[in-house]
Amino acid sequence: MKNIYKVIVVAFLTLGTIAYSAVNPKVEVANKGQSVQVFSAPNADGAITTKTIDAAFEKSGLTMGGDNNMNSPFEKRFNHVHYKIYNLAMFSNADTVLKLIKKYPKFGALTPLTMSIWSDDSKNTMNIATLSLDGMSKAVGIPANDPDLVAYAGMVKTALKAAMPKGEFKKTNFPVVNKSASFAQEFVIDVSATDDKGIQEVKENLEAGFEGEMEPLGFMLPNYSNLKNDLFDAAGYKEYDIYVTYSICKFDVIYPVSKLHPEAGAWAPCSMYIYKKKGENKIHIGYLGVDSWISSLGIKDKESTGPLYEAQGLINKILQGMN
């Protein structure tokens, strides 16, 4: 009986230590209201890799939409890298995305969610930056107490703990963004087509035009999701004629930004939605503006803000010319 009691006590203390190390109440209070959270773990033995992180996210119910090693193109393009490891990854949970888009169509601006994964040689740590519950709430104007959004943020925390069991959330000093502030970039295109064939042609022409304009300017489109076909139809949800999302990235932007702000991967690659509801004659296009990055991370250096605003200007010029 004494031995059983000892086992139970040890197990309880172990679980308590893990829970505390992952979510330190003092750190939670200090970081309250910040949009970006950073989860870090010691990794001197190199046991944590981007592949083990991806696998843990998958097992936690978050499907990986891609995990890109940015150091490879950085080395080729700029002959220098800032970190031993720097990856940008995309992930989502289909069931939760469907629930949220049903209520908030513009949640496509966070579909998929993103994270940066980086390692600093001097500290022998692995770090992951993601949006917090407050960050997701403020970015797309969803109440922070929405049960599906709370569940989604909880899934991210669960995945982070599974990926790095010895990790904890770092105390950060990012600005707290005003809840009423909106940096969304939104566009509306009038559509005259009413039948399925005509709407499909409009969609294909729009996508071809957008991709054709973006790629010559150095933009990468690492992820494309046809939510209408692959998710909504399978669930019997028939409210949209079109709903797709693009992930957008540009080496000339993320390279200088990541030097001082590796946490920027919580926003990048940025997601852009394109949707048309049934019965409407308009296509809605939107993404989160770069001021979301700048305000939430306190970015002030021109080496970062310059490329961000330049990229946003190029995207907006393309979208404005598509009406």
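Check GLY306, GLY289, GLY265 and return the single one that is surrounded by fewer than 19 Cβ atoms within 10 Å (Cβ to Cβ) and of a type outside the set (A, V, I, L, M).
Just one listed residue meets the conditions, GLY306.
List the residue pairs whose Cβ atoms are under 6 Å apart, where the first residue sits in the range 289-313 and is more than 17 Å from PRO262 (Cβ to Cβ), the second is at pLDDT below 95, and the two are 6 or more positions apart or on different chains.
GLY289/PHE183; ASP291/PHE183; SER295/VAL177
Of the numbered conditions (1) of a type outside the set (A, V, I, L, M, F, W, C); (2) farther than 21 Å from PRO112 by Cβ; (3) touching a Lys or Arg at 6+ places or on another chain (Cβ under 9 Å); (4) not in a loop (DSSP other than H, G, I, E, B), GLU201 fails exactly one; give the number of that condition.
With (1) of a type outside the set (A, V, I, L, M, F, W, C); (2) farther than 21 Å from PRO112 by Cβ; (3) touching a Lys or Arg at 6+ places or on another chain (Cβ under 9 Å); (4) not in a loop (DSSP other than H, G, I, E, B) applied to GLU201, the lone miss is (3).
Farther than 23 Å from MET64 by Cα and under 16 Å from the mean Cα position of the chain (by Cα): is that true of GLY198 in this structure?
The answer is no for GLY198.
Is there a residue in the range 35-46 that is in a helix (DSSP H, G or I), at pLDDT 50 or above and loosely packed, with under 15 Cβ neighbours inside 10 Å?
No, because not a single residue in the range 35-46 is in a helix (DSSP H, G or I), at pLDDT 50 or above and loosely packed, with under 15 Cβ neighbours inside 10 Å.
Which number in (1) in contact with a helix residue (DSSP H, G or I) (Cβ under 7 Å, 6 or more places away or on another chain); (2) surrounded by fewer than 21 Cβ atoms within 10 Å (Cβ to Cβ); (3) at pLDDT 95 or above marks the one condition that GLY212 misses?
It fails just one condition, (1).
Check ILE101 against each of (1) in a loop (DSSP other than H, G, I, E, B); (2) of a type in the set (A, V, I, L, M, F, W, C); (3) over 26 Å from SER258 (Cβ atoms) and name the one condition it does not meet.
Single failed check for ILE101: (1).
Going through the range 67-86 one residue at a time, which ones are free of Cβ contacts under 8 Å to residues at least 60 places away in the same chain, under 18 Å from THR49 (Cβ atoms) and polar (S, T, N, Q)?
ASN69, ASN71, SER72
Restricting to the range 205-261, what's the tally of residues that are among the hydroxyl-bearing types (Ser, Thr, Tyr) and either more than 29 Å from ASN69 (Cβ to Cβ) or assigned to a helix (DSSP H, G or I) (or both)?
Taking the range 205-261 as the starting set, the residues that turn out to be among the hydroxyl-bearing types (Ser, Thr, Tyr) are 224-225, 237, 240, 243, 245-247, 255, 258.
Now narrow it down to the ones that are either more than 29 Å from ASN69 (Cβ to Cβ) or assigned to a helix (DSSP H, G or I) (or both): 237, 240, 243, 255, 258.
Summing the residues that are among the hydroxyl-bearing types (Ser, Thr, Tyr) and either more than 29 Å from ASN69 (Cβ to Cβ) or assigned to a helix (DSSP H, G or I) (or both) in the range 205-261 gives 5.
Are any of the residues in the range 253-266 within 18 Å of the chain's Cα centre (by Cα) and closer than 30 Å to ASP190 by Cα?
If we filter the range 253-266 for residues that are within 18 Å of the chain's Cα centre (by Cα), which is where we start, we get 253-255, 257-258, 261-266.
Narrowing further to those that are closer than 30 Å to ASP190 by Cα: none.
Looking for residues that are within 18 Å of the chain's Cα centre (by Cα) and closer than 30 Å to ASP190 by Cα, one finds none in the range 253-266, hence no.
Any residue at all in the range 270-285 that is in a helix (DSSP H, G or I) and surrounded by fewer than 20 Cβ atoms within 10 Å (Cβ to Cβ)?
There is no residue in the range 270-285 that is in a helix (DSSP H, G or I) and surrounded by fewer than 20 Cβ atoms within 10 Å (Cβ to Cβ).
When you check GLY289 against the structure, is it closer than 30 Å to ASN205 by Cα, of a type in the set (Gly, Ala, Ser) and over 19 Å from the mean Cα position of the chain (by Cα), yes or no?
Numbers: closer than 30 Å to ASN205 by Cα: yes; of a type in the set (Gly, Ala, Ser): yes; over 19 Å from the mean Cα position of the chain (by Cα): no.
No, not satisfied.
So, of the residues in the range 50-72 that are surrounded by fewer than 16 Cβ atoms within 10 Å (Cβ to Cβ) and of a type outside the set (A, V, I, L, M, F, W, C), which turns out to be farthest from ALA163 (Cα to Cα)?
SER72
Of the conditions (1) part of a loop (DSSP other than H, G, I, E, B); (2) in contact with a Ser or Thr (Cβ under 6 Å, 6 or more places away or on another chain), GLY135 fails just one. Which one is it?
Against the list (1) part of a loop (DSSP other than H, G, I, E, B); (2) in contact with a Ser or Thr (Cβ under 6 Å, 6 or more places away or on another chain), GLY135 comes up short only on (1).
Does PHE187 satisfy being among the aromatic types (Phe, Trp, Tyr), assigned to a strand (DSSP E or B), surrounded by 15 or more Cβ atoms within 10 Å (Cβ to Cβ) and out of contact with any Lys or Arg (no Cβ under 9 Å at 6 or more places or on another chain)? So that I can check it myself, show each step before the final result.
On the way: among the aromatic types (Phe, Trp, Tyr): yes; assigned to a strand (DSSP E or B): yes; surrounded by 15 or more Cβ atoms within 10 Å (Cβ to Cβ): yes; out of contact with any Lys or Arg (no Cβ under 9 Å at 6 or more places or on another chain): yes.
Judged against the criteria, PHE187 is a match.
Within the range 105-124, which residues are surrounded by fewer than 20 Cβ atoms within 10 Å (Cβ to Cβ) and either under 19 Å from MET155 (Cα atoms) or at pLDDT below 95 (or both)?
Matches in the range 105-124: ASP120, ASP121, SER122, LYS123, ASN124.
Among residues belonging to the range 73-96 that are of a type outside the set (Phe, Trp, Tyr) and in a loop (DSSP other than H, G, I, E, B), point out the one that is surrounded by the fewest Cβ atoms within 10 Å (Cβ to Cβ).
It comes out as ASN79.
Does ALA159 satisfy the condition of being in contact with a strand residue (DSSP E or B) (Cβ under 9 Å, 6 or more places away or on another chain), in a helix (DSSP H, G or I) and closer than 25 Å to ASP45 by Cβ?
yes
Exactly one condition in (1) at pLDDT 95 or above; (2) part of a loop (DSSP other than H, G, I, E, B); (3) surrounded by 14 or more Cβ atoms within 10 Å (Cβ to Cβ) is not met by SER182; state its number.
(1)
The values are calculated or read from the model by the stated rules, or taken from the named source; none is laboratory data. Quick caveat, the model's predicted, so the values are computed rather than measured. When we count neighbours, we look across all protein chains shown, and the Cβ atoms used for this are built from the backbone with ideal geometry, even at glycine.
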